Amino acid sequence: MIAALTGTAGLLLTGTAHAYPVKDKTLTQNALYSTGALTETECAEKSVKDGDPASARKYLTAVLNCLNVSWKTHLEAAGLRFTKPIVKIYTKAPARFCGHKFGDSEAWHCAQSRTIAIRLHKDLLDETGDLYLFHLMSQMYAYHVQNLVGIDDAYQNIPYKNTSELNEQIRRDSLQSDCLAGVFIKSVWPSLERPVSNWNHLMGLVKDEGDTKGEPRVYGKGANRVYWSKRGYTTGDPASCNTWSASPATVS
C-alpha cells in the first residue's frame, strides 16, 4: 500500500540554543507515564470494502468511538482531563487545514483546534482488510492524547539550536504517537479476533513508510517506527512510550 506521510500542523518553530538531552519534565516525566496499562476493552470493527469511501468512513468512525471510550476511561481514572477531538474525514483534501496546505498528506492533527483530518485517497482504500486504517486513526488520536496531557504544548515550546535538533524533536513527538497507537491496539486486540499475522503485516507497512525513498525522514526511520510501535503494543502501557528520554539512536 502506498500512503502519503501523515502530518502534524504547526511543526516549524523558532527557538534558542539548549543542551540535550531534553530536560522539560512535562515531556520526560509526564503524568501520562504513571497511569498504568490501558484496561482491556472491546472494539467491534465495521465491515469495509476496498475502494468504498462510505464504508471506510463508517469503519473509521467506529474505531474513533472505541478510542474515545478507552482513552476517556483511562485518563479520567488517573485524574487527567479528557475531551473528545473533532474528526473530519474527507474524500477530497481541503485546500487548507489548520492554516497550512493539506497537500498530499493522508492525515493531519491540528493542535490549536484539537481536530483530526483524514483524507480517504485512492491508495488508502486499495487494501482495506489490513490494520492500516485502524492504526491510522489510532495514531492520529495519539496526537490528541499528547495534546490533552500537555506534551504537545511543551513540544511546541522546546528550544532548539539548529535544524538537526528541530528534526529530532519532531521525530520524538511522532514516534511517541506510534507507540501510543500500539498501546491502544494492545488494549482492544483480543476483541478484534485477528491473527497475529495481521499485526506483523501492519509493522511491515509502518517500516516501509519510514523507509520510503525520496521522502524526508521526518517521522523516524522504518526500524524505529516499528520499535516504538512494538513497545506500545507489547506493554499496553504509556510508560513505555517516553521517547523524550530515549537515546538519539532510537529516535533517528
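The values are calculated or read from the model by the stated rules, or taken from the named source; none is laboratory data. Bear in mind the structure is a predicted one, so any value in this text is a computation, not a measurement. FYI the Cβ positions are ideal-geometry reconstructions off the backbone, even for glycines, and counts take in every protein chain you see.
Conditions tested, residue by residue: (1) free of Cβ contacts under 8 Å to residues at least 60 places away in the same chain; (2) in a loop (DSSP other than H, G, I, E, B); (3) on the phi > 0 side of the Ramachandran plot.
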position: ASN68; (1), (2), (3): yes, no, no
position: THR73; (1), (2), (3): yes, no, no
position: GLY79; (1), (2), (3): yes, yes, yes
position: PHE82; (1), (2), (3): no, yes, no
position: VAL87; (1), (2), (3): yes, no, no
position: PRO94; (1), (2), (3): yes, yes, no
position: SER105; (1), (2), (3): no, yes, no
position: HIS109; (1), (2), (3): no, no, no
position: ILE116; (1), (2), (3): yes, no, no
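Annotation note: Cβ proximity below 9 Å between a residue of segment 187-199 that is basic (Lys, Arg) and a residue that is exposed (fewer than 12 other Cβ atoms within 10 Å of the Cβ) (sequence gap 6+ or interchain) occurs for no pair.
Here is a list: HIS144, HIS121. Which entry is surrounded by 23 or more Cβ atoms within 10 Å (Cβ to Cβ) and within 19 Å of PHE102 (Cβ to Cβ)? Lay out the reasoning, then the answer.
On the way: HIS121 fails: surrounded by 23 or more Cβ atoms within 10 Å (Cβ to Cβ).
Going through HIS144, HIS121 in turn, just one is surrounded by 23 or more Cβ atoms within 10 Å (Cβ to Cβ) and within 19 Å of PHE102 (Cβ to Cβ): HIS144.
Of everything listed in (1) aliphatic (A, V, I, L, M); (2) touching a residue at least 24 places away in the same chain (Cβ under 8 Å); (3) in a helix (DSSP H, G or I); (4) over 18 Å from THR28 (Cα atoms), the single unmet condition for VAL226 is (2). As a summary of the residue check, THR234 satisfies the conditions (1) in a helix (DSSP H, G or I); (2) surrounded by 14 or more Cβ atoms within 10 Å (Cβ to Cβ) except for the one numbered (2).
Among the residues making up segment 164-216, those that are closer than 24 Å to ASP123 by Cβ, modelled with pLDDT of 95 or more, among the polar types (S, T, N, Q) and surrounded by fewer than 20 Cβ atoms within 10 Å (Cβ to Cβ) are SER197, ASN198, ASN200.
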